[in-house]
């Protein structure tokens, strides 16, 4: 099985040169994500979960800390360079972070020019939803990626997160949901928490919620 042909040839070329062969998570995850399914991926650290989710979003050229920002900007900058070397336009993809530490000047820029990718926290997402300007930024969403979801299940931050995701649906229309988690049981609890459809199947330790 080889999922790389799903991607733009230059993205597939960059991935192969940078990482070699996809991990099992990526091989199984990309076809599901590319087909638009809601997906829950639970696998150990180092299995490539985050890139599994974000690389397809980059491929489409269409939330939560600075680590994610750095992990995302590296591939974006690399891909931009690869496309430019091949004289193929690479659309501008703005990436913004929004948290309690984000300066007011950056927040105003984000409101004037909504980013293609927004990395945020549960608390900041709720604040965005409470203002007219913030709701404008969040319209037209195609994918919501819930990274490290195991860290917020059963606490106040988790309530903030899922409440916000629920509110996003009437604002933006239905969108694809991709939840990423370290190995956790029971999977049904994670699926229910992430507001994913409830039929669960397993393939080699990767759990898909359809």
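Laboratory data are not the source of any read-out in this text; all were calculated from the coordinates shown. All values derive from a computational prediction rather than experimental measurement. For neighbour counting, all protein chains shown are included, and Cβ atoms are generated from backbone atoms with ideal geometry for every residue, glycine included.
How would you order 170-177, 145-152 from highest to lowest mean count of nearby Cβ atoms within 10 Å? Before the final figure, lay out each step's value.
Working: 170-177: 13.9, 145-152: 19.0.
Put in order of decreasing packing, that is 145-152, 170-177.
Per residue of the chain, what 222 nm ellipticity follows from adding -39500 (n - 2.57) for every DSSP H run with n ≥ 4, rounded to the nearest 500? Mind dumping the intermediate values first?
Details: 9 runs with 101 residues, N = 210.
Result for the chain: -14500 deg cm²/dmol, rounded to the nearest 500.
Looking at the chain only, what percent of DSSP beta bridges run antiparallel? Nearest 5 please. Please report the intermediate quantities before stating the final value.
Details: 4 of 16 bridges.
About 25 percent, rounded to the nearest 5.
Take each of the peptides 8-16, 39-47, 116-124, 97-105, average the number of other beta-carbon atoms within 10 Å over its residues, and list them starting from the highest. Please report the intermediate quantities before stating the final value.
Working: 8-16: 16.2, 39-47: 18.4, 116-124: 20.6, 97-105: 12.9.
With the highest mean Cβ count within 10 Å placed first, the list reads 116-124, 39-47, 8-16, 97-105.
Return the distance in nm (one decimal) between the two label points of a simple spin-label model at residue 85 and residue 35, each offset 7 Å from Cα along Cα→Cβ.
With each label placed 7 Å out from Cα toward Cβ, I get 3.4 nm.
Give the span of region 4-209's Cα atoms along each principal axis, as three whole-Å numbers ordered largest to smallest.
If we take the Cα atoms of region 4-209, the spans are 43, 42, 27 Å.
Shape call for region 2-104 from the C-alpha gyration tensor, a ≥ b ≥ c root eigenvalues: rounded (a/c under 1.5), prolate (a/b greater than b/c) or oblate?
Because a/c hits 1.5 or more and a/b fails to exceed b/c, region 2-104 counts as oblate.
Roughly speaking, what is the centre-to-centre gap between region 123-151 and region 163-191 when only Cα atoms are used, to the nearest Å?
12
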